[in-house]
1. Is it the case, given these coordinates, that residue 19 is among the aromatic types (Phe, Trp, Tyr) and either modelled with pLDDT under 85 or within 10 Å of the chain's Cα centre (by Cα) (or both)?
2. Take the residues of the stretch 33-84 that are closer than 17 Å to residue 2 by Cβ and in contact (Cβ under 8 Å) with a residue 60 or more places away in the chain: which is most open to solvent (accessible area, probe 1.4 Å)?
3. Going through the stretch 49-84 one residue at a time, which ones are farther than 30 Å from residue 9 by Cα, assigned to a helix (DSSP H, G or I) and not basic (Lys, Arg)?
4. For the stretch 35-48, indicate whether the set of residues that are among the hydrophobic types (A, V, I, L, M, F, W, C) and either in contact with a His (Cβ under 7 Å, 6 or more places away or on another chain) or in a helix (DSSP H, G or I) (or both) is non-empty.
5. Assuming residue 30 fulfils every condition listed in (1) touching a helix residue (DSSP H, G or I) at 6+ places or on another chain (Cβ under 9 Å); (2) open to solvent by less than 100 Å² (accessible area, probe 1.4 Å); (3) without any contact (Cβ under 8 Å) to a residue 40 or more places away in the chain; (4) assigned to a helix (DSSP H, G or I) apart from one, which condition is it?
Amino acid sequence: ASIGILVALLPSRRPYWLFGAIVGALYSLPGAVFTCVPYPLAADAPQYWREFASGGPRAFVLTLFAGAIVGLICGALKRDPVTR
């Protein structure tokens, strides 16, 4: 929702979908940095949670990608401002 609000309120130029993707990726950058740092789990934690918490470049790229996709969708749905 916050990416959508940014895409809707920030001044932008066409193509809106590209603007939205850039805003979404930039907005996700801090979260991507935090997700690329692994955090420790108990030794008996299931493998699924170990994969989820392993971090690394894959988590960084996927977080940026997810933010860019959300921004792209919000930008694609953005309407032209009404001019009078």
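The values are calculated or read from the model by the stated rules, or taken from the named source; none is laboratory data. Just so it is clear, the structure is predicted and the values come from calculations on it, not from any experiment. Positions of Cβ are backbone-derived with ideal geometry, glycine not excepted, and every protein chain shown enters the neighbour counts. Heads up: the accessible areas ignore ligands, DNA and RNA and are worked out on the full protein's heavy atoms, side chains in. Shrake-Rupley method; radii C 1.70, N 1.55, O 1.52, S 1.80 Å.
1. no
2. By that ranking, first place goes to 70.
3. The answer is 49, 51, 52, 53, 57.
4. Looking through the stretch 35-48, none of the residues is among the hydrophobic types (A, V, I, L, M, F, W, C) and either in contact with a His (Cβ under 7 Å, 6 or more places away or on another chain) or in a helix (DSSP H, G or I) (or both).
5. (1)
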